[in-house]
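Here is the structure we will look at, set down as structure tokens.
Just so it is clear, none of the values below were taken in a lab; they were calculated from the coordinates. The model shown is predicted, which means the values in this text are computed figures rather than measured ones. Here Cβ is always computed from backbone atoms with ideal geometry, including for glycine, and neighbour counts include all displayed protein chains.
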Amino acid sequence: MAGGLPSALRRLYLSIYNWTVFFGWLQVLVLAVKTLHESGHEHVYSAVERPLQLAQTAAILEILHGLVGLVRSPITATLPQIGSRLYVTWGILYSFPETQKHIMVSSLVISWSITEIIRYSFFGMKETLGFTPSWLLWLRYSTFLLLYPTGIASEVGLIYIALPYIKRSEKYCVRMPNKWNYSFDYFYAAILALGIYVPGGPHMYSYMLGQRKKALAKSKRE
């Protein structure tokens, strides 16, 4: 009984977490599609800004889940994906409003939200019911084949579009002289971020292809 209680609490917590974030992303998708249809892509960001920020920022907890052993997902796979999305959410879209009306915001939001709705419902059902239906398993490990490239392309595109605004505004830059004897240029940091996508994107895609192969093979055996 003593050993079962922590396990039950873990499953309860992860169930609540996954379903809460699932509904957050569902709200993002509904608002994005509704706004896209009724008002056009220029208004998508303003419609989804708050739920998008909340749902994406909540993913920070997944890093903590991995660090404390609540889940088995490797930090090396979780951290780059969450880090890049947080950077685009806060470091680009929130920080540089000039990017918010671009059509790639719509492709970004829709790619992210569909991916996360499937992912969080998959883990939510796994924690709540102890299993996931085969169709959801297939969606979890197949829809990324299209949505990962569209999401990555949108992330890269929005960072690139933000570059002139970053350079002109000098936001988040630290210039010398100062008491720390330190300088930082956000423009070059953004260029570095773009450079990281070059090896990082294909690497993550290959990793996910490997995960798909293992998950679907295991499903067939069962």
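In straight-distance terms, cross-link reach from Lys126 covers every one of the lysines whose alpha-carbon lies under 21 Å from its own, apart from those fewer than eight places away in the same chain; here that gives Lys213, Lys214, Lys218, Lys220. Would you mind checking the tilt of helix 75-86 against the longest principal axis of the Cα atoms of the chain, expressed as 0 to 90 degrees and rounded to 10? Approximately 50 degrees, to the nearest 10.
With 0.36 nm allotted per residue and the present C-alpha distance subtracted, the Tyr207-Cys173 stretch has 8.8 nm of extension available. Summarising the overall dimensions of the chain from its C-alpha atoms, the Rg and Dmax are 19.3, 64 angstrom.
Projecting the Cα atoms of Val105, Ile75, Pro6 onto the charge dipole of the chain, computed from C-beta unit charges around the Cα centre, puts Pro6 farthest toward the positive end.
Neighbour counts of C-beta atoms inside 10 Å place Phe144, Phe131 in the sequence Phe131, Phe144, starting with the fewest. Remark on the range 42-114: ratio of C-alpha radius of gyration to 2.2 N^0.38 Å is 1.21. Neighbour counting of Cβ atoms within 10 Å sorts the residues Thr89, Thr128, fewest neighbours leading, into Thr128, Thr89. This ranking places Trp25, Trp135 by how few other beta-carbon atoms lie within 10 Å of each, fewest first, which gives Trp135, Trp25.
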